[in-house]
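Student: Once you've had a glance at the structure underneath, I'll fire off some questions.
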Amino acid sequence: MKILSRYLIVILAVFCFGCSAEMARDGSFNLSPNQNQNASGSLKGTNNDCLATAITGTFQTNTAQNGSNYVIANVNVTVPGMYSISTDVQNGVKFSASGVFASTGIQQVRLVPSGTFANAVATNYTLTYGSSSCPLAITVTEGTGTGTPGTDPGTGNPGTGNGASGSWTITVDGKTYTGTDATLTDRHLMNLAGFAGTNSQVMVVFVLKYGNGGILPATYTTSDDPMSQFSVTNLTTTNMDYLTTKTSVGALTNFAIKSITNGVAKITISGKTIDMATNKAVVISGEITAPLE
């Protein structure tokens, strides 16, 4: 119980950390000085042409969008502050982004899709911010509809874990950490769950958003929800060495629950996270066995 209490305290601390700060457009994690005012800007440059967009990943039918595929849009910011950018709904899916612009000039935002594509066709959107609008074209292909989390509030996936203590191994930017303390805890807090694992060097925390039926075998990412986060904390210095949030630019950490058997989850971690010392995205991978509690 002492270990579980420590995990919950750390997870709640991560929640509060996310509430008081924002990931800057360059990937650094800074306090948001403009979070109490609305930003102004345009999707167009000085020549009134639409600024470039970049599409990451593939989009498929019959698959609930969870943010692993997204669009990067450029915005010409004239006044820093809070922003909200979105497309119209087409083919069952909408793209949107919100956050804080910390400075003026050309800034990048990640537009995350929500919904499920109905048809495998070229889908044309209108992206809107302020008084500006630009076209956005997405190619949708046929999908299987498997391996995605639900979208409705769930009741949790209970499991005793059969006394398993769990184990984990992660490699971040070429550095490998292992541990035996590992739990996946269903908190029923805004449909969030928390994985926590420790050894004598670091504590690893992954806060994930789950959906219909509670925690299910699926791939969850740090872009699923504003509260979804991945972090690695150095227990000696108490510094958070690595961090990924919904607004991390150039970094997306994936938490794939491969199976849940007799209350024990088999999990893999992949993608990238932000090195807090250098503000650069680095590669992460790992495997976890964790009892549900």
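Student: Can you name the residue in the stretch 212-251 that is open to solvent by less than 20 Å² (accessible area, probe 1.4 Å) and more than 18 Å from G194 (Cβ to Cβ) and is also modelled with the highest pLDDT among such residues?
Tutor: Per the criteria, the residue is A251.
Student: Of everything in the stretch 253-284, what is of a type in the set (V, I, T), surrounded by fewer than 19 Cβ atoms within 10 Å (Cβ to Cβ) and closer than 20 Å to N69 by Cα? Give them in sequence order.
Tutor: Scanning the stretch 253-284 gives T268, V282, V283.
Student: For residues in the stretch 80-96 being more than 10 Å from V112 (Cα to Cα) and of a type in the set (S, T, Y), which is surrounded by the most Cβ atoms within 10 Å (Cβ to Cβ)?
Tutor: Per the criteria, the residue is T87.
Student: For the stretch 40-79, give me the residue count where each residue is open to solvent by 30 Å² or more (accessible area, probe 1.4 Å), over 30 Å from L216 (Cβ atoms) and not in a strand (DSSP E or B).
Tutor: Number satisfying all stated conditions: 6.
Student: A further question on this structure: Return the only residue of T183, T123, T116 being open to solvent by less than 20 Å² (accessible area, probe 1.4 Å), at pLDDT below 85 and in a strand (DSSP E or B).
Tutor: Details: T123 fails: at pLDDT below 85; T116 fails: open to solvent by less than 20 Å² (accessible area, probe 1.4 Å).
Only one candidate passes the filter, namely T183.
Student: Does the stretch 147-165 contain any residue that is at pLDDT 75 or above and either touching a Gly at 6+ places or on another chain (Cβ under 6 Å) or farther than 21 Å from A281 by Cα (or both)?
Tutor: Within the stretch 147-165 (the criterion being at pLDDT 75 or above and either touching a Gly at 6+ places or on another chain (Cβ under 6 Å) or farther than 21 Å from A281 by Cα (or both)), the answer is no, since none of the residues qualifies.
Student: What is the one condition in (1) in a loop (DSSP other than H, G, I, E, B); (2) without any contact (Cβ under 8 Å) to a residue 24 or more places away in the chain that T247 does not satisfy?
Tutor: (2)
Results for (1) more than 21 Å from G174 (Cα to Cα); (2) touching a residue at least 40 places away in the same chain (Cβ under 8 Å); (3) part of a loop (DSSP other than H, G, I, E, B), shown as yes or no for each residue.
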{"site": "M227", "(1), (2), (3)": "yes, yes, yes"}
{"site": "S231", "(1), (2), (3)": "no, yes, no"}
{"site": "L243", "(1), (2), (3)": "no, yes, no"}
{"site": "S259", "(1), (2), (3)": "yes, yes, no"}
{"site": "T268", "(1), (2), (3)": "no, no, no"}
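The values are calculated or read from the model by the stated rules, or taken from the named source; none is laboratory data. Since the structure is predicted, the reported quantities are computational estimates derived from the model, not experimental observations. For neighbour counting, all protein chains shown are included, and Cβ atoms are generated from backbone atoms with ideal geometry for every residue, glycine included. Surface areas here come from the heavy atoms of the whole protein model, side chains and all, with no ligands, DNA or RNA. Shrake-Rupley method; radii C 1.70, N 1.55, O 1.52, S 1.80 Å.
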